[in-house]
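Read through the structure below, which is laid out as structure tokens, and then see the notes.
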Amino acid sequence: MRPPTSLLRRASRAPVAANPLRCQCLSTTSQARATAAAANGSPDSSSSSSNAAGKIPKRKPLTQAQKDYLSSAVRKTSLLSSSPSSPAVPTGELAATLIYAGQMPPILRSHPHLRPLMQHMYDQEAGHLSTFNALIAKHRVRPTALYPLWSALASGLGWSTAVMGREAAMACTEAVETEIGTHYNEQIRTLLEMVGEWEAQGYDVGPEFTDLIGTLRRIRDEELEHLDHAVEHDAKKAEPHWLLTGVIRAGCRGAIWVSERY
């Protein structure tokens, strides 16, 4: 049984420091949502209040480590959704879009009633990819050098799981979206910790930074929506579910790890 929306809204005010390890024994759906609650801190509006008072915002320069983290975050998040014509492609969102593109032809031939759902999820992933490509171009972040490899693997994963059947395709979505959702939560938590540290030191947080956190939260919630859709459409009935989702999740973690470095 999925948690009520009201519980998720209350969870959005949970402390940032909550330990995601406590969720390991939960199902993938519950795990992703429990981790989402831990990541949903809320930076205050000291920047806007400072500007309203006519003061010059006091901004803390990013350290080199923080710059490197932000560049890595944008690059690797944007590996797992796609458009081959994109000039710079983030890792996480690249894979998700190509997976859906690979799944749609076989799935829709045998299950045409799923066309609206598959198109909806694909369109959202393509929007995520476009968002991160814009951030990459704006901030001159080096895109992952492994774009051709991720493209081939993601397309192959999408097509092969769809050929295995609807349940296997949905299990693939469940596994990928669980990893992406968890990954977004880790990024959001880290950014909120930066914000909390700056505000504790008396610095203002610029709107660009808070907008980035808001963007990550919105995209994270849409990824978890896809996870819910997959479970609702019999992802758990794929055989063998534990093996299929385990292998795919391990592959996603490996891809993210590699994209952080190349």
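Observations on the structure shown:
- In summary, ARG189 fulfils each of the numbered conditions (1) crowded, with 22+ Cβ neighbours inside 10 Å; (2) within 14 Å of the chain's Cα centre (by Cα); (3) farther than 18 Å from THR97 by Cβ with the single exception of condition (1).
- Subset of region 237-252 [out of contact with any Gly (no Cβ under 9 Å at 6 or more places or on another chain) and crowded, with 16+ Cβ neighbours inside 10 Å]: HIS241, LEU244, THR245, ILE248, ARG249, GLY251
- Filtered by the rule that a residue be surrounded by 13 or more Cβ atoms within 10 Å (Cβ to Cβ), among the aliphatic types (A, V, I, L, M) and assigned to a helix (DSSP H, G or I), region 197-221 gives LEU212, ILE213, LEU216, ILE219.
A short reminder: the numbers here are calculations on the coordinates, not readings from a lab. Remember, predicted model here, so these are calculated numbers, not experimental data. A quick note on method: Cβ atoms are made from the backbone with ideal geometry, for glycine too, and the neighbour counts reach across all protein chains shown.
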